[in-house]
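Worksheet: one structure, shown below.
The values are calculated or read from the model by the stated rules, or taken from the named source; none is laboratory data. No experiment lies behind these values; they were computed from the predicted model shown. Virtual Cβ from ideal backbone geometry, glycine too; neighbours counted across all protein chains shown.
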Amino acid sequence: MPLVEIRMLEGRTDQQKRALLDAVTEAVRDSLGVPLTSIRVWIHELSAKEYMVAGELYADRKK
């Protein structure tokens, strides 16, 4: 059973997230040849206050 976790900063629309989930699911099915019923894909959204790049909070970089 393929498991795919996507981590990204929050801020995308529900429509964008759905499109991403659909595309990843199809890519896994096409590349591995497994049934859709065996594929699990989820998104874990991160707050810019909880994500750090090179020692700097991402929320601070956007200012």
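Among the residues of segment 13-63 satisfying the criterion of being charged (D, E, K, R), modelled with pLDDT of 95 or more and surrounded by fewer than 11 Cβ atoms within 10 Å (Cβ to Cβ), which is nearest to M1 (Cα to Cα)?
The initial filter retains those residues of segment 13-63 that are charged (D, E, K, R), namely 14, 17-18, 22, 26, 29-30, 40, 45, 49-50, 56, 60-63.
From what is left, the residues that are modelled with pLDDT of 95 or more are 14, 17-18, 22, 26, 29-30, 40, 45.
Narrowing the set further to residues that are surrounded by fewer than 11 Cβ atoms within 10 Å (Cβ to Cβ) leaves 14, 30.
Working: D14: 25, D30: 14 Å.
Within segment 13-63, the match that is nearest to M1 (Cα to Cα) is D30.
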Discussion item. Under 7 Å between Cβ atoms, which residue pairs at least 6 apart in sequence (or on different chains) link something in segment 6-26 that is closer than 19 Å to K49 by Cα with a partner that is assigned to a loop (DSSP other than H, G, I, E, B)?
Written reply: L9/Y51; E10/S47
Practice prompt. Give the residues of segment 1-12 that are more than 25 Å from R61 (Cα to Cα) and surrounded by 12 or more Cβ atoms within 10 Å (Cβ to Cβ), sorted by residue number.
Written response: P2, V4
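So is S47 of a type in the set (S, T, Y) and closer than 24 Å to Y58 by Cβ or not? Show your work before the answer.
Numbers: of a type in the set (S, T, Y): yes; closer than 24 Å to Y58 by Cβ: yes.
Here the answer is yes, as S47 does meet what is asked.
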Discussion item. Tell me whether segment 24-42 contains one or more residues that are out of contact with any helix residue (DSSP H, G or I) (no Cβ under 6 Å at 6 or more places or on another chain), assigned to a strand (DSSP E or B) and not basic (K, R).
Written reply: yes
